[in-house]
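Here is the structure we will look at.
The values are calculated or read from the model by the stated rules, or taken from the named source; none is laboratory data. Quantities reported herein were computed from a predicted structural model and do not represent experimental measurements. Here the Cβ positions follow ideal geometry from the backbone for every residue, glycine too, while neighbour counts run over all protein chains shown.
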């Protein structure tokens, strides 16, 4: 395999606006700082894995605008292969986010060219040249836009030939049970948060929701915010704690967890150890504004020491 991991998902430039508190209904507040950075759930995760030392590539679509160039340069500067990044006329996707003083966030997505990836634009050989293919959601505002259908068409064709990791996010979860059942049927590693899991299963009880989904995938990873994370594979199960850090911005924390977990998985760590690495990377990502800026490199951390600190 040439690549340890390849990502496929929406590419967005994030405009993050810091506010003291969110405006109430029919009210107003003020923005005291604004930053612009590169984002998109799958790209955040893939950048994280590249910073941790994995050989990573990316499939996505950018426009011919300055945001597209910014996105491409950022991926490349973080050692992510962009040989099959699709660039065409149009505007690059954008997310406008609001982050309050407690690190909570509200995000508004304008998908633009993200939703316009056709089957013919995807190179099969590129996908088959990786250990793990990590996917995330598209918005799919217009039913005629092809990106979501393209994902499913390629999954039907290739999911038996490569390990599929999927973080569906609320956009896909809100599409309903039939949609999620189809997605899960192609998924080996499901990375999902607790709220999404409960909605997907239409259960109020966490344990019941786990019992419904876990048998359908090889590995189930549930991100539970301040309660840590839960990992299940067959009869193996682990509850992973959190690392407490001064939180500035939680944008992309779940994506950062994915990066740490998938790094551990690819490198052959146990599931528990991979979860601990994910928890550490997620915590570090919240210490600065932006989704990937605070993710450390593998040279900046002692993974055995990090693992031992929670196991103790």
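Here is a check on your reading of the model: is residue 219 surrounded by 15 or more Cβ atoms within 10 Å (Cβ to Cβ), under 18 Å from the mean Cα position of the chain (by Cα) and either under 29 Å from residue 37 (Cα atoms) or free of Cβ contacts under 8 Å to residues at least 60 places away in the same chain (or both)?
Answer is yes for this residue.
Scan region 197-224 residue by residue and report those that are in contact with a strand residue (DSSP E or B) (Cβ under 9 Å, 6 or more places away or on another chain) and farther than 20 Å from residue 264 by Cβ.
Across region 197-224, the qualifying residues are 197, 200, 206, 209, 210, 213, 216.
Out of curiosity, is residue 240 in contact with a strand residue (DSSP E or B) (Cβ under 8 Å, 6 or more places away or on another chain), buried (at least 18 other Cβ atoms within 10 Å of the Cβ) and in contact (Cβ under 8 Å) with a residue 40 or more places away in the chain?
yes
Which residue, of 117, 122, is at pLDDT 95 or above, over 18 Å from the mean Cα position of the chain (by Cα) and closer than 27 Å to residue 253 by Cβ?
117
Would you point out the residue of region 275-296, among those that are more than 16 Å from the chain's Cα centre (by Cα) and either in contact (Cβ under 8 Å) with a residue 60 or more places away in the chain or assigned to a helix (DSSP H, G or I) (or both), that is farthest from residue 99 (Cα to Cα)?
Of everything passing the filter in region 275-296, 276 is farthest from residue 99 (Cα to Cα).
Among the numbered criteria (1) under 24 Å from residue 107 (Cβ atoms); (2) modelled with pLDDT of 95 or more, which one does residue 249 miss?
(2)
Go through region 160-188 and give me each residue that's out of contact with any strand residue (DSSP E or B) (no Cβ under 8 Å at 6 or more places or on another chain) and over 22 Å from residue 212 (Cα atoms).
Within region 160-188, 160, 161 meet the criteria.
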